[in-house]
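Here's the structure, in structure tokens; my notes come after.
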Amino acid sequence: MTTFENLFGGAATVDAWCPGRVNLIGEHTDYQAGLVLPVALSLGTRVELRPRGDDTVRVFSAGQAAAGVVSFRVSAESKRGDWVDYLQGVTAAGRAAGLRMSGFDARITTDLPVGGGLASSAALQVALLRALRAGLQLPADDFTLAQLAHQAETTFVGVPVGWMDQLACSFGDPTHALFLDTRTLAWQKVALPDGLRLVVIESGIPHRNADGGYRERRRQVEEAARLLGVAVLRDLSPADLPRVMRLPDPLDRRARHVITENARVLAFRQALEAGTREQLGPILAAAHDSLRADYEVSVLEIDRLVAIATSVPGVLGARLTGGGFGGSVVLLAQEQEAAAAAATVAARYQRETGRVATVVVIQP
Ligand code: GLA
């Protein structure tokens, strides 16, 4: 067994963990200063670590066991194009922020599906930062850790993501949704209703071309905002849709998604707080339709998964969650029926598409 002791000799001195997240609603809004409503998962990523006292980093990831122990040097980070970049990004971001980074040995394990749209990369980066904060006594609060993880992802790894994942992983808990305003980065916890369960099902479709599609969507909404004369689409509301729909296609639909999605986050939050459950399913359905038809980040298999889920007794609603182009769906289900509904959905999906869906988690 590749325990820390077997890999590096001696015991780890720090053991840190960070959850992944599932986004309930508010998709592709967080790079236009919009609203999001993620929930931390009960699944996550663990980093066992021991500082070394020199500049060498040695890491082993159980999910990448074939790679064995991989090394790099703090202050000589250079992009490799694989999972190690998430770690190099963290030490580079820490140094850029003036923190005293130094070498360490680390072993990584996770029960999150990698590439499942559940923020596995943010969970890894925040878990490593938590381990480094404890191991190197870094003077950094949870908000700073989220910022460093975001910096690592956007500048070192080079994917221009918004703020949702790092903040959701750093501050979320599985019993509450995090209502996060990415304009101010202020957030509030919203209780999830009793008697309901979140079910996350992974489609078995890896994020094909996810980075390219993400960048393109981001460019398109930036262009739409420019043509509409606003800094960000958050500055517009559904009342502006007539003029938004005069933009050239597909910018009109891309902008409509972002504007209506912000309104859906508010409506969803209000329904959660008011306990008007019958409104939740239709809002999720409208959000999925918008991601499919206006933002075009779904794929046929995910649409099938959502359609099957929506037709199963006990399921209030379902939609694609995360960046899209594959990944996972989130279902809201009645507590008593959630496990049976999840199994039925996965079985029917396999029969109809030949793909294997995995029930990732049922929570809280
Ligand atoms: C990815 C990004 C987030 C967000 C979502 C889409 O998860 O990391 O910042 O943009 O896609 O909502």
Suppose every K and R has +1 on its Cβ and every D and E has -1 on its Cβ; what is the size of the dipole of the range 192-363 about the Cα centre, in Debye to the nearest 20?
300
Taking the Cα centre of the range 4-189 as origin and charging only Cβ (+1 Lys, Arg; -1 Asp, Glu), how large is the dipole, in debye to the nearest 20?
300
Folded to 0 to 90 degrees: helix 120-135 orientation relative to the chain principal axis, Cα
40
Please report, largest first and rounded to whole Å, the three semi-axes of the ellipsoid equivalent to the range 192-363, where each semi-axis is the square root of five times an eigenvalue of the C-alpha gyration tensor.
30, 20, 11
Quick one: putting +1 on the C-beta of Lys and Arg, -1 on the C-beta of Asp and Glu, what dipole do you get for the chain around its Cα centre, in Debye to the nearest 20?
400
Alpha-carbon Rg with Dmax, taken over the range 161-279, Å
16.6, 46
Length added when fully stretched, R246-R219, from 0.36 nm per residue minus Cα-Cα
7.9 nm
Calculated P(r) tail over 20 Å for the range 4-189, as whole % of Cα pairs
50
The range 263-364: mean projected area of Cα convex hull, nm²
6.4
Whether the chain is rounded, prolate or oblate, judged on the alpha carbon gyration tensor where a/c under 1.5 counts as rounded:
prolate
Using only Cα atoms, tell me the angle between helix 251-274 and the longest principal axis of the chain; keep it within 0 to 90° and round to the nearest 10.
90
Along the range 102-115, Karplus-curve 3J(HN,Hα) (6.51, -1.76, 1.60; θ = phi - 60°) to the nearest Hz, with x for Gly and Pro, reads 8, x, 7, 9, 8, 10, 10, 9, 8, 10, 8, x, 6, x
In Hz, Karplus ³J(HN,Hα) per residue of the range 278-286 (6.51, -1.76, 1.60; θ = phi - 60°; x = Gly, Pro):
5, 7, 5, x, x, 5, 4, 5, 5
Pairing the Cα long axis of helix 84-96 with the longest principal axis of the chain, what angle in degrees results, from 0 to 90 and rounded to the nearest 10?
80
Just name one of A287, V312, V190: the one whose Cα is farthest towards the positive end of the charge dipole of the chain (beta-carbon charges, Lys/Arg +1, Asp/Glu -1).
A287
Placing +1 on each Lys and Arg Cβ and -1 on each Asp and Glu Cβ in the chain, then taking the dipole about the Cα centre, the residue among V57, L124, V361 whose Cα reaches farthest towards the positive end is V57
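Values quoted throughout were computed directly from the atomic coordinates according to the rules given, and no laboratory measurement underlies them. Please read these numbers as outputs of a predicted model, since none were measured by experiment. Virtual Cβ from ideal backbone geometry, glycine too; neighbours counted across all protein chains shown.
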